[in-house]
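The values are calculated or read from the model by the stated rules, or taken from the named source; none is laboratory data. The shown structure was predicted, so the numbers you read here are calculated from the model rather than taken from an experiment. Neighbour counts are summed over all protein chains in view; Cβ atoms, including those assigned to glycine, are modelled from backbone coordinates with ideal geometry. Side chains are part of the model used for accessible areas, which takes the heavy atoms of the whole protein and leaves out ligands, DNA and RNA. Shrake-Rupley method; radii C 1.70, N 1.55, O 1.52, S 1.80 Å.
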Amino acid sequence: MEYYLENEFLSLTFNSVGGTLSSIKSPLGIEYLWQGNPEYWSGQAPVLFPICGSLRNDEAITKDGKELHIPRHGLVRKRDFHYEGQEWNRIVFSIMTDDELFKAFPHKFRLLIEYKLMGKLIQVSYIIENFGDDDMPFFIGGHPGFNCPLQENENYTDYYIEFEKEENCSIPLPITETGLIDIQQRTPLLHHEKVLPLVHSLFEKDAIIFDELQSRQVTLASHKSSHKVTIQFKDFPYFILWSSQNHGSFIALEPWLGLSTCLNESDIFEEKKNVQIVQSLRTNIYSYSIQID
């Protein structure tokens, strides 16, 4: 089912499948969110839980011997969420462990996704509750895709990514055949720069994985118009840029808590980089925001 939030600046549509955004429109009718053309990418803004990216052969094991069977980007992005309710500027969806989820990820949890619309800003919060007797390791991340270009008189190459800070960083090699990452084989990308021009060739080898980024704010902007999308992600150490290899007219701006399994990592889930732990009967909360201009 679809649900809605709106104010004088934006109209938002949500889908209970995945508990996710499906439209971000301005009063001028500009659609900011990618509309899921399956020729390029059928997704729009999936929520990645309890992993971001891929496990080795889609499997891992916890320190106490629990087996995990989790496909790329997790278990919930195509599941039906429960509509918890809404207020004038806020809407909440949730999903709880069921038999199928427990078989793949043997922990008792509830994940709530809260969206708040404040002027031109959309705050997205992930609320992870652990109802089990044991601590629960996990990761979560956002994967919102945005139309690029946003207007018919623009081209993909009119756009650029602007970072909050001057960056001097390299990026690790994604291995498309397995979905894993070679964290030690790196390519220099930004050399004391704040701007990355967008060209489709950036994504010939899959996503750009920023694991050394200093910025916690990234903006998608155009040389030809004043329309912008800004992501603020102070709770998330990793940031991913992605578009389809067949030149899709979108760019995904993705704050992640974790990464795909790296070649030098074991298959023990708690040994993955930046693993998060929500203690028994406790709650963890992580937020990022989308500013539309």
To the nearest 10 square angstrom, how much accessible area does L180 have with a 1.4 angstrom probe? 10 Å²
Could you tell me whether the chain comes out rounded, prolate or oblate from its Cα gyration tensor? Rule is a ≥ b ≥ c as square roots of the eigenvalues, rounded for a/c under 1.5, then prolate if a/b exceeds b/c, otherwise oblate. oblate
Taking every Cα atom in the stretch 96-231, find the radius of gyration and the maximum pairwise distance Dmax, and write them in Å. 18.9, 57
Under 16 Å from the Cα of K205, which aspartates and glutamates turn up, not counting those fewer than eight places away in the same chain? E177, D182
Show K120, K205, K272 ordered by accessible area, largest first, where the area counts protein heavy atoms only and the probe is 1.4 Å. K205, K120, K272
To the nearest 500 deg cm²/dmol, what mean residue ellipticity at 222 nm is calculated for the chain from DSSP H runs of n ≥ 4 alone, each contributing -39,500 (n - 2.57), summed and divided by the residues? -500 deg cm²/dmol
What is the distance in Å between the Cα centroid of the stretch 117-175 and that of the stretch 201-266? 6 Å
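Carbon and sulfur: what percent of the stretch 1-138's accessible surface (1.4 Å probe)?
48 percent
Send over the semi-axes of the stretch 20-81's equivalent ellipsoid, whole angstrom and largest first, taken as the square roots of 5 times the C-alpha gyration tensor eigenvalues. Could the numbers behind the result be given before it?
Working: eigenvalues 215, 28, 14 Å².
Value: 33, 12, 8 Å, ordered largest first.
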Set Lys and Arg Cβ to +1 and Asp and Glu Cβ to -1, take the dipole of the stretch 56-211 about its Cα centre, and tell me which of N155, I95, L196 lies farthest positive. I95
Accessible surface of K224 in the full protein assembly, 1.4 angstrom probe, to the nearest 10 Å²? 120 Å²
When ligands, DNA and RNA are left out and all protein chains stay put, how many square angstrom of accessible area per residue does the chain have with a 1.4 Å probe? 45 Å²
Can you give the longest run of the chain that contains no GluC sites (Glu not before Pro) sitting in a DSSP loop with at most 13 other Cβ atoms inside 10 Å? 40-151
Let me cross-check T157: its accessible surface, 1.4 Å probe, with only protein heavy atoms counted, in Å² to the nearest 10? 90 Å²
